[in-house]
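Structure first, then comments.
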Amino acid sequence: MRGRLSSEFRLAAAVPRWAWRFYRRHLVVVVGLSLLPSVQRLVVVSWQDSVPRGVKVASEIGVTAVRVLLLVLIVRWAFDGVPTSWADARRFLREHPVSLVFQFGFLAVALAIFDVVLELVVGAALPESVRDGYLGVLLFVKNPTVIAFTLVWVVGVMLQLLSRADSRDEPTTPTTPTSAR
């Protein structure tokens, strides 16, 4: 049982490792596109009383459009040339449910650190006069790092589910074309 858990943990850990390599390889585009939401968050959160409601709404629509574009690019690059099937996803779910539990655990820990601790705990501990500025800067930094990396990571989970990682029928990492590794 211990060996099985270790194997499932390694399988789950392969995805964030793949995501880190993918993120670094596409750093300019991922960070570049993520800077648009970063600037929007910094301005809207830091100077929320000075920003007209229409500008806030329009900028939120723009942020959503940029994130969708980024997600489309990540999916396109990650899945380019990779054979996928729902049969592989069903097989993976049947054979590696513990790996997915680990995946969700990793993501929950990241969420706890970067959302709960940094935003809620640290933000609440700061004086009221600097909270908006702190949150604006935090969101500025999180958009091209934590948020963008999480998008890549989630696509990596889907890639691992939908594709066979190697010919031994034992996935160990998301399969990607050599150019995306």
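The values are calculated or read from the model by the stated rules, or taken from the named source; none is laboratory data. It should be emphasised that the depicted structure is a prediction, and the values quoted were computed from it without experimental measurement. Glycine gets a Cβ as well: all are built from the backbone with ideal geometry, and neighbour counts include every protein chain shown. Quick note on the areas: whole protein, heavy atoms, side chains included, nothing else; ligands and nucleic acids left out. Shrake-Rupley method; radii C 1.70, N 1.55, O 1.52, S 1.80 Å.
Quick check on Leu42: is it surrounded by 12 or more Cβ atoms within 10 Å (Cβ to Cβ), out of contact with any Phe, Trp or Tyr (no Cβ under 6 Å at 6 or more places or on another chain) and in a helix (DSSP H, G or I)? Judged against the criteria, Leu42 is not a match.
Take the range 72-87 and flag every residue that is hydrophobic (A, V, I, L, M, F, W, C), farther than 13 Å from Arg164 by Cα and open to solvent by 70 Å² or more (accessible area, probe 1.4 Å).
Step one: of the range 72-87, the residues hydrophobic (A, V, I, L, M, F, W, C) are 72-75, 77-79, 82, 86-87.
So of that shortlist, the ones also farther than 13 Å from Arg164 by Cα come out as 72-75, 77-78.
Listed by number, the list holds a single entry, Val72.
Close contacts from the range 21-32, counting a first residue that is touching a residue at least 12 places away in the same chain (Cβ under 8 Å) and a second that is open to solvent by 30 Å² or more (accessible area, probe 1.4 Å) and not in a helix (DSSP H, G or I), with Cβ to Cβ under 8 Å and a gap of 6+ residues or different chains, come to Arg21/Arg181; Phe22/Arg181; Arg25/Arg181. With (1) open to solvent by 80 Å² or more (accessible area, probe 1.4 Å); (2) farther than 17 Å from Val152 by Cβ as the list, and Val51 as the residue in question, which single condition is left unmet? The failed condition is (1).
A search for C-beta distances below 9 Å between a residue of the range 61-74 that is over 23 Å from Val44 (Cα atoms) and any residue that is aromatic (Phe, Trp, Tyr) and part of a helix (DSSP H, G or I), counting only pairs 6+ apart in sequence or on different chains, returns Ile74/Phe22. Failed condition for Val44, given (1) touching a Lys or Arg at 6+ places or on another chain (Cβ under 7 Å); (2) under 30 Å from Glu95 (Cβ atoms), with all others met? Every listed condition holds for Val44 apart from (2).
Could we say that His26 is surrounded by 15 or more Cβ atoms within 10 Å (Cβ to Cβ), at pLDDT 95 or above and not aliphatic (A, V, I, L, M) here? For His26, the condition - surrounded by 15 or more Cβ atoms within 10 Å (Cβ to Cβ), at pLDDT 95 or above and not aliphatic (A, V, I, L, M) - is met.
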